[in-house]
Structures are given as structure tokens and as C-alpha cells.
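Report on one structure; see the data block that follows.
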Amino acid sequence: MNPVQILIVEDELLIAKGLARKLKLLGYTVVGIVSSGIAAIEKVAESNPDLVLMDIVIKGDMDGIETAAKIQEKYGTPVIYLTAYADDSTLERAESTGSYGYLLKPFKEREVHAAIRMALQRYKQEMQVKQSLNLLQDLEAEKTRLLSIASHDLKNPLTSIQMSTDLLAKYDSKLDEQKKLKHFQRIQSSINSMNQLLEDVLTLSKSSSGKLTFAPKLVNVVKFIQLLIDQLMVQVNDQHKLELRTSGDLDDPIMLDDKLLGHILANLLSNAIKYSPDGGVINFDVIRQENQIIFRIKDAGIGFPPEYIQKLFQAFERGSNVGNIKGTGLGLSIVKQAVDLHGGEITVDSELGQGTTFTVILPITEVS
């Protein structure tokens, strides 16, 4: 553990040197001794001490209280005041700067040590509270943003469902079977979109609050993927063709987190379909190796702009070339977090207008 670094601000050199000796004997590091407010601010900027011992009466236009206020405002460094006496008005001024304590001259070693430890402990607790408040604010902002996006993006499928149900209710006897089927498919597709959006929002919320965990169990990968593909087929039109190819020993179940795996594959496959508006073949390769399993999904869609690749896995980010293709920018962020929780890796190869290939490599957890 690094020793605590302390700056002394004292215009009486003999007193300052005596205090410095006491601090060194107590195991502290003195980063400097200065005698004015301006010099103190400059030294704090230069050495970033853990604590400042500040005499109230110092050289220059600023006294110790004014100097401490500027240091606190700019750098947040805790300050303990040094004084030979303290009248009520001076104490009130000092307290208004958020003082971390006082030391009366002449200094006693035990009092110095106790005051420093108490000040640093108080500062540490304040920083922890501040971090917790910042985290809560970030979480609240994230929830507000998620709710806003969810509210906006739920309107489209709800509108589609309402229109189709209204048409079916009013014109049921006048619609042929083909048109009825089209409306039922539209309703089903809208329901799937809503379910996916709500699942993404819930997953991201769990991740933000630390509740998204890794819980592996035995999974029959081929059956799992086949069921997933069946659920996704409603999104596939006649222009799309999904080709599943497997390699390696996939007969025996593998230890994976099925929920996280579902997030990974569902999002990648849905994206492959969504961002291939003109259709084409979507290749889905599953390769079992000795201690890992590889999932490779390749489409012939619109691809990603080069500048988007670095922001690919950030929440709410979408490529500049998506046009009117609907989406929230949540899916790939969730995929990345699910892969990380598995201890795996994900790579992407994409070219504008030529398609995208995602490769996910997950280590296989040993059965205990």
C-alpha cells in the first residue's frame, strides 16, 4: 500500500519542518512545503496529494480558508486546517469550505495522526457515497431512456396489430383465406417484435443492475438451435434462406447458459434477417471443438460502415446506413455482455453492401 501523500501549507518554516518530521515518523510522505495560496494550488495540481494541511494565516492575497475553498472546488482534495487559535467567525468560514478537521498549534504527534486518519476515512466514505449516487443517477437515466425507447418502439407493432384485428373484425366474411393469413402473420410478427424488445430491455436492465449472471447447465445444442430457428422462421420471407451446418461431436449435451446463449443467437440471427432486406442465404455454422464451440452467422445484407465497427456493441448505437429498418440498437450490446459472461469472444467481419459475418467462440464448461 502506497504511503499517504501530504502537502503542508505553512508560512513559518520552522513549524512546517517540525510538522514534516512528525509526519515522516508516522509513515506519511510530505510532497512539499509551501507558504502561499497560489503556491499551494500549483503544488496540488502538480503532485495531487491525498491531503493538505493548511495554515489559516499564510502569505499572499488569499488566506488558508480561501485557498482551501479553491482547492476543494477544483481538485476535491481534503483539507485539515492548522491554527494557533480559532475565533467563532473564523471557524464558521472554515466550516463553510467543508473542512475535514483542525489541528491546534503546537502539534502533538498522536493528535496529528488521529486527525489525518479521521479526515481520510471521512473523505473515503464521502467518495463512496458520491459514487453510489452517481451510479443511481446513471441507472435512473438508463431506465428513463429504456422506457422512452420501449414506449416509442412498442407503438409500431401495436398499431400493426390494431389495424389487422380491425380489418379482420370488420371484413372477415369479405376477405379470402390468403388475405386473412397475411393479417394473422402480421399480428404474429408484431407480437414477436414486442416480445423481443421487452426481452432486450429486461436483459439490459438486469445487466445494468448486476443481476445478469452466468448459470451453465447441460444443453443439447442442435435441438436448442432447431427450436430457435423454428421460432424465428416467422420473420423469414420467401427471399431468405437459412442454412444450418454443423461440425464436430454435437450429439452429447454441452455445459452452457441456455438463456445467455438464446440472447446471443436470437439477436445475431434476427439481425442477419433484418439487415438483409433483399433476402439471400444466411449461413449458420456450428462447430464443436475439444474445449470450445463456435457459432458463425453470415449474411449477404447491407453490412456496416467502417466508422460504426468501433461502436458496434454500445447500447442504442445503430449504423448510419440502416435507413428505415426498425431497431433499438440494444441487441448487439446484449450479445457482447452474454458472450463476456461465458468468458468467450466475438468478432465481426463486415463490408458495406456485401454482408456481415459474426463469429462467437464460447469455452465449454466442464461438467462438475
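The values are calculated or read from the model by the stated rules, or taken from the named source; none is laboratory data. Only a predicted model underlies this, so the values are computations on that prediction, with no experimental measurement involved. Cβ placement follows ideal geometry from the backbone for every residue including glycine, while neighbour counts extend to all protein chains displayed. Protein only, heavy atoms only, side chains kept; ligands, DNA and RNA dropped before computing areas. Shrake-Rupley method; radii C 1.70, N 1.55, O 1.52, S 1.80 Å.
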Could you report the accessible area of Glu46 in Å², rounded to 10, computed with a 1.4 Å probe on the protein chains as they sit in the structure?
140 Å²
Search the structure for amide H atoms under 5 Å from the amide H of Lys217, placed 1.01 Å from N in the peptide plane, and list their residues when 5 or more places away or on another chain.
Leu256, Asp257, Asp258
Below 15 angstrom from the Cβ of Glu111, what's the summed charge of the other residues (Lys, Arg +1; Asp, Glu -1)?
+4
Counting all C-alpha pairs of segment 232-272, share separated by more than 17 Å (%)
49 percent
Order the following by accessible area, largest value first: Val79, Val57. Probe radius 1.4 Å; ligands, DNA and RNA are ignored.
Val57, Val79
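Please report the carbon-and-sulfur percent of the accessible area for segment 51-136; probe 1.4 Å, protein heavy atoms only, DNA, RNA and ligands left out. Numbers along the way, then the final one.
Values: 2750 of 5150 Å².
It is 53 percent, rounded to a whole number.
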